[in-house]
1. In the stretch 163-181, what count of residues is obtained for those that are of a type in the set (A, V, I, L, M, F, W, C), at pLDDT below 80 and either touching a Ser or Thr at 6+ places or on another chain (Cβ under 9 Å) or within 11 Å of Val306 (Cα to Cα) (or both)?
2. Specify the residue that is modelled with the lowest pLDDT; the eligible residues are those in the stretch 4-35 that are small (Gly, Ala, Ser) and under 17 Å from Glu142 (Cβ atoms).
3. Could you list all residues from the stretch 322-331 that are hydrophobic (A, V, I, L, M, F, W, C) and modelled with pLDDT of 75 or more?
4. Could you figure out which of (1) farther than 30 Å from Ala85 by Cβ; (2) surrounded by 11 or more Cβ atoms within 10 Å (Cβ to Cβ) isn't true of Gln156?
5. Is it fair to say Cys139 is touching a residue at least 60 places away in the same chain (Cβ under 8 Å) and either closer than 19 Å to Phe40 by Cα or of a type in the set (S, T, N, Q) (or both)?
6. Name the single residue, out of those in the stretch 378-387 being surrounded by fewer than 24 Cβ atoms within 10 Å (Cβ to Cβ) and either among the charged types (D, E, K, R) or in contact (Cβ under 8 Å) with a residue 24 or more places away in the chain (or both), that is nearest to Val482 (Cα to Cα).
7. Taking Gln38 as meeting all but one of (1) under 60 Å from the mean Cα position of the chain (by Cα); (2) farther than 20 Å from Val143 by Cβ, write down the number of the exception.
8. So which residues in the stretch 17-29 are of a type outside the set (Val, Ile, Thr) and touching a residue at least 40 places away in the same chain (Cβ under 8 Å), if there are any at all?
Amino acid sequence: MDGPVGRSDEGYERFARLARRMLDAPVSLVSFVDEAGQVFPGAVGLPEPWQSRRGTGLAHSFCQYVVRSDEPLVVTDARQVDFLADNLAIPDLHAIAYAGFPLHDGTGAAVGSLCAIDDRPRRWTDDELSALSDLAQACSAEVTLRSQQERARRAQHDARLAARHARLLLLMAEELADTTTVDEVLDAVQRLARTVLGVDRSAVAMIEAHRLHWVRHDEVAGVQDSAWAPVSMSDRRWPSVVVAASRQALFFEDGDVLAEQFPVLAGAGGAGAMALLPIATQHRQIGVLLLRWQLARAFTDDLLPVKQALASYAALALERAQLLDHRREVAHVLQEAMLTELPRIDGLELSSSYVPAEAGERVGGDWYDVLDLGDRGVAISMGDVTGHDLRAASLMGQLRSLWRAFAWVFARPPSAIAQLVDQANTGARVGATASMIVAHLDPPDPSGARRLQWSNAGHLPPLVRRADGDAELLEARGDLLVGFAPDTERHDHEVTLRPGDALVLFTDGLVERRTGNLRDALSRLPRRADDVAGFDASSLVATLTADSERHDDVAVLVVRLLPVDGSLPPAPARDRAEPPTG
């Protein structure tokens, strides 16, 4: 017995009963037709099993011709009509005389018919056909109303589903937007898998050197660590490799289906469902996201697009994190190259520290430098270019190079050297904005004392820590920053340093705090220098940088005059904070 099976509908049954009564026909049907056959939600008088079955194939259908032509079909004796003579409705449904009018949906398309059937030849009267036509129009109105209600219901469901998807997608985007390292991305992906998708376990594999490495996975009872070993991208026994190579997701409703398709995983991870999704961008395959549930499940659920979106978002976040990791490494190498080793100078002990900010690319515009000018003394500089990124580091390198050139060539006071740097910064279109201290330390007199001259271009004041332990800020008049008015007048200041005294230059990251006043923090710096035990240049640097918050770059340079009978330490110290791994 071919054809679909339908079910009774009281509303359409009412139209069938009215048609049967008004036309005094043995059978009346409300019939709907598609490619698979016809169903009768409204039917009275059909012989069994058709009355209970409520459907037939098209081989039993007169109604198909009404729908196809969108015109009424009125037949006195179907056995005498060429295109109906072989129709199985004649012997099986006893359809001899037939009168059917089309039913239309809300779009105006013919979808079925309201018909009356007699088991003997019959000439339908005009009044009967007119009544059947009126009933068909009324039934079409019912069809239209129902189709509109169904469309509204589906639209409401789709709107609710779309709103839910939008909320979940926004949640995932926000979670991953704040990640900057690969570990942070992996943490966020596994957290979202649990909270948004309701998985019991998850894992992430990444491609490296033509192998798939499981870089993150939840512990699973009964699964050995060897199951998470790297796998060659040519080993197609593993579903993860298939997904990574094809960029096509795989879904397994339960453990049996998984074992049947990939025997190597038989019994691994339990009987629940598993999904493997490619982590890929438009131009690059990064890895695979594995999702596992404790119970079996069908993957026809409404969250399927969200699962796929999580893998796509993870791909973008991982690609961004890997790029940032590379930039941080490049920045660190660049900063190391720009901060040259301090020279060894008779009678001086030198120590320095550069600590990049925690945020950003761990590279910035802070610098310190010392030049041994031989019989002319020692040139010293400290500066801070606006920003702590690669551009600031590049500008810093250019300004420092200008200072080194001018300090080496010209025997002029610090104010003149600072002005030359400012003029070259503008004239050569370097375009940097920076604070800077330019200083010159004279050769020692017979007592070992040295005159220090300096010019301050908008920088924090130097600190002097005396041999007896007292410390003071050299708060002389400051001039305009470099990069605004290259011809502005600049001023020199001087102080005498004696054996055992130390000059401390520093950038604002040393004293700035997220809360509190800069002036107050600066005023506390001499007391911190006073407290240094076992005083030497390295100890002073370590003490001053110990509690910096590192929301800005920190550079510190200490130049200490050795006692007359002292000796130079084995090598100048230069303490650096290494960037975190991960």
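The values are calculated or read from the model by the stated rules, or taken from the named source; none is laboratory data. Model, not experiment: these values are computed from the prediction. All Cβ positions, glycine included, derive from the backbone under ideal geometry; neighbour counts span all protein chains shown.
1. Counting residues in the stretch 163-181 that are of a type in the set (A, V, I, L, M, F, W, C), at pLDDT below 80 and either touching a Ser or Thr at 6+ places or on another chain (Cβ under 9 Å) or within 11 Å of Val306 (Cα to Cα) (or both) gives 3.
2. Residue satisfying both the conditions and the ranking: Gly6.
3. Correct list: Leu323, Leu324.
4. Checking Gln156 against (1) farther than 30 Å from Ala85 by Cβ; (2) surrounded by 11 or more Cβ atoms within 10 Å (Cβ to Cβ), the one that fails is (2).
5. So Cys139 fits the description; yes.
6. Thr386
7. (2)
8. If the condition is that a residue be of a type outside the set (Val, Ile, Thr) and touching a residue at least 40 places away in the same chain (Cβ under 8 Å), then Leu18, Ala19, Arg20, Met22, Leu23, Ala25, Pro26, Ser28, Leu29 are the ones that fit.
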